[in-house]
């Protein structure tokens with residue numbers, strides 16, 4: 001086999017490969033002879049058909065199969081010979097060679113970029129730190145109380161935090177519009193469930209006292225037939241209710257598996273601190289890798305970006321539109337974010353390679369134990385991890401990424417920024 005690496009642009013490599021005719025012909029003849037005893041041909045007893053007849057009837061199909069397999073095997077050998085780190089599947093540009101002739105074909109493929117990490121001691125990284133305060137715990141417990149609250153009917157005008165049940169009819173230029181009317185709609189004032197103008201009009205409403213309000217729809221409103229328009233709504237409240245929070249006592253605590261209110265508070269803090277630790281670790285990993293990635297310039301294989309865009313599209317559909325057909329959503333919508341992910345992934349790979357990092361077993365065990373601690377029966381979760389090859393592989397990957405981040409931070413110029421618990425946990429909030 002002869003291999004020539006031809007010039008190409010960017011990360012593309014073109015391999016011109018030639019396979020001697022005898023390597024193809026010998027395999028074709030061997031397969032035809034093997035078929036002789038298995039195929040049935042009219043006019044001949046089983047296994048007695050002349051090889052020439054077998055060749056005439058099946059030779060073309062067998063040769064195509066052999067050529068396809070030889071091309072795949074030859075490509076792999078050529079990649080190894082030229083020491084290429086291939087990213088994605090090859091594209092066959094041309095194929096030549098009839099029976100009795102050498103097989104010649106040209107395959108183009110993208111390769112992984114050579115990444116120079118540079119001097120990590122010059123890199124500047126700002127990491128985030130936070131802590132769970134008593135106020136954060138109070139707020140979380142208040143949230144639990146609100147989730148278990150009762151509603152009590154009141155006679156006064158609706159205030160912020162109260163629930164209003166309404167019927168309404170909306171009109172534009174005096175004409176009702178699609179989706180503009182509804183009955184028995186529940187709205188908790190102050191939670192931003194409705195457009196600002198609509199919710200503002202509900203504040204102070206009282207059963208038996210209908211109101212008429214104007215609502216301006218934003219220019220970018222999702223319903224195009226309403227975007228930028230002004231509607232008039234006739235609204236009648238049928239009920240106003242105030243929230244009645246349960247007492248924070250031992251009885252309430254038992255709903256969450258705690259024997260007392262004090263134990264509930266301890267459990268809540270423990271859960272919040274565990275979630276904070278995991279989130280802080282994840283966000284600092286992203287900030288560190290992103291800082292390093294942004295400091296580097298390198299090309300990214302299109303094949304990897306395309307694959308990641310499809311993965312992101314499929315994941316989005318599974319999470320947000322589980323009944324939808326993912327193939328109908330163009331993956332190019334995710335391409336920009338996919339390229340960023342691939343870039344960061346390539347940088348992590350290079351840090352791992354250049355520093356010769358290996359996942360440490362004790363850290364993998366600690367990672368699994370930390371996840372298991374959030375469940376009622378952690379021993380079963382650990383056993384499930386240990387018995388699943390894919391889950392263990394994922395755990396090792398996470399630990400290896402953490403080790404890569406630590407390697408970077410050990411060398412970089414690191415500054416810390418302390419942020420409130422809510423800001424760190426909900427950066428978009």
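See the values below:
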{"quantity": "Test: residue in segment 44-59 that is assigned to a loop (DSSP other than H, G, I, E, B), within 26 Å of residue 350 (Cβ to Cβ) and not assigned by TED's automatic domain parsing to the domain that holds residue 309", "calculated": "no"}
{"quantity": "Filter result for residue 290 (loosely packed, with under 13 Cβ neighbours inside 10 Å and assigned by TED's automatic domain parsing to the domain that holds residue 417)", "calculated": "no"}
{"quantity": "Matching option when the condition is farther than 23 Å from residue 130 by Cα, assigned to a loop (DSSP other than H, G, I, E, B) and more than 23 Å from the chain's Cα centre (by Cα), among 365, 376", "calculated": "376"}
{"quantity": "Segment 143-162, residues that are surrounded by 13 or more Cβ atoms within 10 Å (Cβ to Cβ) and either outside any helix (DSSP H, G or I) or free of Cβ contacts under 8 Å to residues at least 12 places away in the same chain (or both)", "calculated": "149, 151, 154, 157, 158, 159, 162"}
{"quantity": "Flag for residue 84 being touching a residue at least 60 places away in the same chain (Cβ under 8 Å), under 30 Å from residue 351 (Cβ atoms) and either assigned to a strand (DSSP E or B) or assigned by TED's automatic domain parsing to the domain that holds residue 346 (or both)", "calculated": "no"}
{"quantity": "Filter result for residue 38 (exposed (fewer than 12 other Cβ atoms within 10 Å of the Cβ) and more than 30 Å from residue 310 (Cβ to Cβ))", "calculated": "yes"}
{"quantity": "Close pairs from segment 53-72: first modelled with pLDDT under 80, partner surrounded by 12 or more Cβ atoms within 10 Å (Cβ to Cβ) and not in a helix (DSSP H, G or I), Cβ under 8 Å, at least 6 apart", "calculated": "53/41; 53/44; 54/39; 54/41; 57/41"}
{"quantity": "Answer residue from segment 124-150, given it is at pLDDT 95 or above and touching a strand residue (DSSP E or B) at 6+ places or on another chain (Cβ under 7 Å) and is nearest to residue 247 (Cα to Cα) among those", "calculated": "130"}
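Yes/no matrix, rows are residues, columns are (1) loosely packed, with under 14 Cβ neighbours inside 10 Å; (2) over 29 Å from residue 411 (Cα atoms); (3) free of Cβ contacts under 8 Å to residues at least 12 places away in the same chain; (4) not assigned by TED's automatic domain parsing to the domain that holds residue 312:
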residue: 337; (1), (2), (3), (4): yes, no, no, no
residue: 343; (1), (2), (3), (4): no, no, no, no
residue: 348; (1), (2), (3), (4): no, no, no, no
residue: 389; (1), (2), (3), (4): yes, yes, yes, no
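The values are calculated or read from the model by the stated rules, or taken from the named source; none is laboratory data. These numbers come from a predicted model, not from an experiment. So basically every Cβ, Gly included, is an ideal-geometry build from the backbone, and we count neighbours across all protein chains shown.
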